[in-house]
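A.B. asks: Pasting a structure below so you can have a look.
The values are calculated or read from the model by the stated rules, or taken from the named source; none is laboratory data. Just so we're clear, the structure is a prediction, and the values are computed from it rather than from any experiment. When we count neighbours, we look across all protein chains shown, and the Cβ atoms used for this are built from the backbone with ideal geometry, even at glycine.
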Amino acid sequence: MTIRRTRLARAMASALCVPALLLASLTHAADAVKEQFFPPWSHGANDPITEHGLDFTVPEIDNLPDFHGDPCQAKLTVFVGGNYFFAMAPLVAEFVKEHPEFKGKIYYETIPPGLLVDQIKHNGTITVGNMTWTAHADVYAGGMKRVTGVIKDGYATGPAVPYATNTLTIMVPKGNPAHITGLADLGKPGVRLVMPNPKFEGIGRQIKASLAKAGGEALVNTVYTDKVKNGETLMTHIHHRQSPLFLMLGRADAGVTWQSEAIFEEDVGNPISHVAIPDSQNTTAIYAAVALKAAPHKKAARMWVNYLRSPQALAIFERYGFKPYQGK
């Protein structure tokens with residue numbers, strides 16, 4: 001009798017352990033998949049430094065994906081709106097080919113353009129977590145309106161130099177499980193959104209303009225007021241990082257971004273897709289740059305601003321769906 005009970009106990013324990021081990025294995029696999037969703041997504045390509053020290057990057061915990069290089073050794077510091085963070089690595093590489101003296105000596109930040117302006121107004125000082133440092137920008141690049149504002153506020157003499165344009169798209173998880181077909185679908189009850197905050201992300205204002213074209217002020221209010229209140233719209237602080245991340249983690253069904261960002265996400269293999277917005281509802285952004293008055297490296301600043309309009313730089317932008325600026 002005792003032997004039978006022992007065997008039964010072992011059998012029960014074995015039966016219980018298999019699902020437990022399977023669950024642990026599945027949980028570990030899920031965590032590994034989740035971890036790959038966290039930025040940076042460029043696998044070190046956006047780090048312009050040639051010699052590295054201790055590599056201490058922990059996704060979700062200690063990670064600074066929008067700060068690139070060594071501000072202490074920089075001979076050129078660029079503050080650029082994060083809408084093309086992914087293009088900066090090839091842009092820097094091409095620039096260094098022509099000007100090898102800058103190899104490993106370029107520092108750049110790719111947070112939202114409105115926040116970069118705030119950093120400039122704080123004398124280049126920024127705090128992330130427990131770390132505070134100062135980086136004096138040589139160049140500010142962003143949407144034309146932001147760049148014009150920096151000149152108007154006296155931080156640059158101008159003129160603003162336009163070089164590329166971009167349009168909007170609707171970013172969705174791969175497979176488009178919510179079956180989004182256009183901007184009007186974003187107003188439907190139950191469709192969860194991740195949207196840029198117009199307060200400090202210029203794209204937010206342009207998205208509102210496109211929503212108005214698609215569904216009038218009623219659609220704008222639904223997406224940016226009603227759904228914010230009921231929790232169906234999540235507002236971002238860094239849309240070019242948070243929008244795709246929230247979509248990949250299943251926290252949202254759709255979000256409007258620049259088409260270049262969706263192209264990048266698809267190009268690196270992240271489970272992201274996009275739904276095109278027709279020209280009649282779309283909005284075009286003009287990107288511009290300017291050398292700042294307080295630039296520590298004024299010659300380098302002028303070199304970078306001029307470089308952005310070169311055939312080499314524009315060819316890199318075109319890889320991601322940007323178009324050369326054709327205005328006067």
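A.B. asks: Here are the criteria: (1) touching a residue at least 40 places away in the same chain (Cβ under 8 Å); (2) surrounded by fewer than 21 Cβ atoms within 10 Å (Cβ to Cβ). Tell me which single one ALA156 does not satisfy.
C.D. replies: (2)
Here's the yes/no breakdown for (1) without any contact (Cβ under 8 Å) to a residue 40 or more places away in the chain; (2) closer than 21 Å to THR236 by Cα; (3) not assigned by TED's automatic domain parsing to the domain that holds PRO296:
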| position | (1), (2), (3) |
| --- | --- |
| ASN46 | no, no, yes |
| THR50 | no, no, yes |
| LEU54 | yes, no, yes |
| PRO59 | yes, yes, yes |
| CYS72 | yes, no, no |
| THR77 | no, no, no |
| THR110 | no, yes, no |
| LEU116 | yes, yes, no |
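A.B. asks: If you don't mind, another one. Given the criterion assigned by TED's automatic domain parsing to the domain that holds LEU234, among the β-branched types (Val, Ile, Thr) and out of contact with any helix residue (DSSP H, G or I) (no Cβ under 7 Å at 6 or more places or on another chain), identify the matching residue among THR148, THR181, THR134, THR127. Walk me through it before giving the result.
C.D. replies: Values: THR148 fails: assigned by TED's automatic domain parsing to the domain that holds LEU234; THR134 fails: assigned by TED's automatic domain parsing to the domain that holds LEU234; THR127 fails: assigned by TED's automatic domain parsing to the domain that holds LEU234.
Checking each option against the conditions leaves just THR181.
A.B. asks: From the residues in the range 313-328 that are out of contact with any strand residue (DSSP E or B) (no Cβ under 8 Å at 6 or more places or on another chain) and surrounded by 15 or more Cβ atoms within 10 Å (Cβ to Cβ), which one is nearest to VAL78 (Cα to Cα)?
C.D. replies: Looking at the filtered set, the residue picked out is ILE316.
A.B. asks: Going through the range 301-322 one residue at a time, which ones are outside any helix (DSSP H, G or I) and either over 27 Å from TYR155 (Cα atoms) or not basic (Lys, Arg) (or both)?
C.D. replies: LEU308, SER310, TYR320, GLY321, PHE322
A.B. asks: Let me ask another. Just for the range 73-131: of the residues that are polar (S, T, N, Q) and not in a helix (DSSP H, G or I), which one is surrounded by the fewest Cβ atoms within 10 Å (Cβ to Cβ)?
C.D. replies: Restricting attention to the range 73-131, the residues satisfying the condition of being polar (S, T, N, Q) are 73, 77, 83, 110, 119, 123, 125, 127, 130.
Subset that is not in a helix (DSSP H, G or I): 73, 77, 110, 123, 125, 127, 130.
Details: GLN73: 12, THR77: 25, THR110: 26, ASN123: 9, THR125: 12, THR127: 10, ASN130: 5.
The extreme case among them is ASN130.
A.B. asks: Would you be able to tell me the number of residues in the range 167-204 that are surrounded by fewer than 16 Cβ atoms within 10 Å (Cβ to Cβ) and of a type outside the set (S, T, N, Q)? Give the steps one after another, and end with the answer.
C.D. replies: Just the residues of the range 167-204 that are surrounded by fewer than 16 Cβ atoms within 10 Å (Cβ to Cβ), to begin with: 174-177, 179, 181-182, 184, 188-190, 199.
From what is left, the residues that are of a type outside the set (S, T, N, Q) are 174-175, 177, 179, 182, 184, 188-190, 199.
Summing the residues that are surrounded by fewer than 16 Cβ atoms within 10 Å (Cβ to Cβ) and of a type outside the set (S, T, N, Q) in the range 167-204 gives 10.
A.B. asks: Residue by residue through the range 205-241, note down the ones that are part of a helix (DSSP H, G or I), crowded, with 21+ Cβ neighbours inside 10 Å and at pLDDT below 95.
C.D. replies: GLN206, HIS239, HIS240, ARG241
A.B. asks: I'd like the residue in the range 114-131 that is in contact with a Gly (Cβ under 9 Å, 6 or more places away or on another chain) and modelled with pLDDT of 95 or more and, out of all such residues, is farthest from PHE67 (Cα to Cα).
C.D. replies: Looking at residues that are in contact with a Gly (Cβ under 9 Å, 6 or more places away or on another chain) and modelled with pLDDT of 95 or more, I get VAL117.
A.B. asks: Then there's this: Could you check ARG302 against (1) in contact (Cβ under 8 Å) with a residue 12 or more places away in the chain; (2) in contact with a strand residue (DSSP E or B) (Cβ under 7 Å, 6 or more places away or on another chain); (3) outside the structural domain of GLY175 (by TED's automatic domain parsing); (4) more than 14 Å from ASN83 (Cα to Cα) and say which number it fails?
C.D. replies: Just one mismatch for ARG302, condition (1).
A.B. asks: Only residues in the range 132-145 that are at pLDDT 95 or above count as the first member; pair them with residues that are of a type in the set (Phe, Trp, Tyr), Cβ under 6 angstrom, at least 6 apart or cross-chain, and list the lot.
C.D. replies: Cβ pairs passing all conditions: ALA137/PHE79; VAL139/TRP304; TYR140/PHE79.
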